[in-house]
Amino acid sequence: MNNIRQYTIIHSFTARNTTMSKGFTLIELLISLTIVAMIVA
């Protein structure tokens, strides 16, 4: 459980670093948060 959550956080950080567009970053962050919410729930 915790490993998946850490991977999601790392993935969102990597997406933020590799992508210049802030809009795409926001979408990535929302998707990551949704995945985390589904796992935790």
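Quick look at the values:
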| read-out | value |
| --- | --- |
| Estimated vicinal HN-Hα couplings, Hz - segment 2-7 in sequence order (Karplus 6.51, -1.76, 1.60; Gly, Pro = x) | 5, 5, 5, 5, 5, 4 |
| Packing-based order for 26-34, 2-10, using average beta carbon neighbours within 10 Å, highest first | 26-34, 2-10 |
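Every number in this text was worked out from the coordinates using simple rules, so none of it is lab data. Quick caveat: nothing in here was measured; it's all calculated off a predicted structure. A quick note on method: Cβ atoms are made from the backbone with ideal geometry, for glycine too, and the neighbour counts reach across all protein chains shown.
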